[in-house]
1. If we scan region 267-285, do we find a residue that is without any contact (Cβ under 8 Å) to a residue 60 or more places away in the chain, away from the ligand (no atom under 16 Å from the Cβ), assigned to a helix (DSSP H, G or I) and over 21 Å from A174 (Cβ atoms)?
2. May I ask you to verify whether I62 is of a type outside the set (S, T, N, Q), buried (at least 22 other Cβ atoms within 10 Å of the Cβ) and assigned to a helix (DSSP H, G or I)?
3. Could you tell me which numbered condition F53 fails, if it satisfies all but one of (1) assigned to a helix (DSSP H, G or I); (2) within 21 Å of I29 (Cβ to Cβ); (3) away from the ligand (no atom under 16 Å from the Cβ)?
4. Exactly one condition in (1) surrounded by fewer than 18 Cβ atoms within 10 Å (Cβ to Cβ); (2) more than 23 Å from T92 (Cβ to Cβ); (3) aromatic (F, W, Y); (4) touching a residue at least 40 places away in the same chain (Cβ under 8 Å) is not met by Y202; state its number.
5. Of the numbered conditions (1) out of contact with any strand residue (DSSP E or B) (no Cβ under 8 Å at 6 or more places or on another chain); (2) at negative phi; (3) surrounded by fewer than 14 Cβ atoms within 10 Å (Cβ to Cβ), K284 fails exactly one; give the number of that condition.
6. Being out of contact with any His (no Cβ under 9 Å at 6 or more places or on another chain) and more than 8 Å from the ligand (Cβ to nearest atom) is the filter here; which residues of region 188-207 pass it?
7. Against the condition buried (at least 21 other Cβ atoms within 10 Å of the Cβ) and among the charged types (D, E, K, R), how does E108 come out, does it pass?
Amino acid sequence: MITRIRRNRKYPWMRDLFANHEIKAKDLILPIFLIEGINIEQKIDSLPGVSRFSVDLAIKEIQTAISLGIKAIILFPVIEQGLKSNDAIEATNENNLICRAVKAFKNEYGDKIGIICDVALDPYTSHGHDGIIDNEGYVLNDETVEILCEQALCLAKAGCHVIAPSDMMDGRVAAIREILDRNGFINVSIMSYAAKYASSFYNPFRNAVGSDSNLKKADKKGYQLDYRNNKEHFREVYQDEKEGCDMIIIKPAMLYLDILQSVSNNINLPIIAYQVSAEYAMLKFASLNNSFDFMDAMIESLTSCKRAGADAIICYAAIEVAKYVNKVI
Ligand code: PBG
């Protein structure tokens with residue numbers, strides 16, 4: 001007798017019946033870049049298919065997301081150069097762009113879609129780092145955490161559901177949990193970027209939010225993880241869990257599936273994979289050059305994240321993917 005493993009792959013119905021993993025709209029988190037103004041959509045050259053939206057147009061984009069079954073959005077503000085400073089004070093302004101946006105979205109949609117807000121100072125600093133720096137350019141940990149706490153409190157007051165600290169400072173999860181609880185926001189969740197690597201794959205994002213020109217040639221290796229390591233992320237993940245985070249992000253995604261898998265094997269918190277800007281851009285640009293069909297490659301890539309243990313995925317193509325899978329399935 002010949003063992004015929006292919007027999008189980010003969011018909012589409014059979015393959016569908018036995019498929020372990022599948023991407024659904026409900027698995028996706030939609031990132032939204034926000035800008036000042038009314039009725040403005042700016043296409044982002046480094047991320048074809050992605051735009052920056054003024055708050056009124058973002059409201060329409062969110063309506064589309066809700067109607068497609070997407071469950072959450074994650075927000076990134078583009079801050080005018082004139083409002084950036086060394087101490088990132090605009091981050092703690094209760095009437096800044098992101099707070100106004102959150103209030104508007106909450107007012108429109110209540111709890112119909114999850115509102116996640118990134119917490120880090122890079123949109124607000126004149127030097128583009130995620131924290132404040134000393135004279136040598138070193139990102140100061142404890143001083144930064146204090147500002148992050150104020151920033152998180154502003155966002156909670158504005159009505160966001162989830163605070164997502166992406167700054168990689170030590171002790172920030174506990175400090176944010178403490179200030180949220182002390183102010184009565186006991187049910188505002190913390191989604192920590194627990195394992196976030198210093199990566200070139202964030203460049204299109206930095207271009208989209210306009211922090212690249214501030215950051216110039218500087219890098220974030222003094223606080224984000226070293227991609228040569230495959231153990232130190234456990235220290236980060238366990239520490240964030242101990243400090244009280246509710247869910248964790250692994251980032252980037254496609255190049256870090258080993259990290260994702262290892263966390264999924266060892267941690268019981270919900271895990272979110274972040275398919276970052278250049279991972280999206282690689283697929284988009286390659287498909288524009290006819291290397292493959294964009295949606296085929298995107299779905300394969302997102303499925304690999306689920307296979308490695310992601311419960312949800314932050315994806316710049318969330319709307320396009322949701323439309324596609326809603327039709328196919
Ligand atoms: C801000 C932040 C970054 C990303 C998410 N939040 C950039 C960075 O750390 O430099 C990257 C997202 C992406 O590339 O899609 N701290």
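The values are calculated or read from the model by the stated rules, or taken from the named source; none is laboratory data. Since we're looking at a predicted model, the values are computed, not measured. A quick note on method: Cβ atoms are made from the backbone with ideal geometry, for glycine too, and the neighbour counts reach across all protein chains shown.
1. no
2. yes
3. (1)
4. That leaves (1) as the condition not met.
5. (3)
6. Passing the criteria: I190, M191, S192, A198, S200, N207.
7. So E108 fails the test.
Listed here are the residues, each with its yes/no results for (1) closer than 19 Å to E41 by Cα; (2) touching a strand residue (DSSP E or B) at 6+ places or on another chain (Cβ under 8 Å); (3) at pLDDT below 95.
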| site | (1), (2), (3) |
| --- | --- |
| I70 | no, yes, no |
| F76 | yes, yes, no |
| G82 | no, no, no |
| I98 | yes, yes, no |
| V102 | yes, yes, no |
| N107 | no, no, no |
| V119 | no, yes, no |
| D122 | no, no, no |
| H129 | no, yes, no |
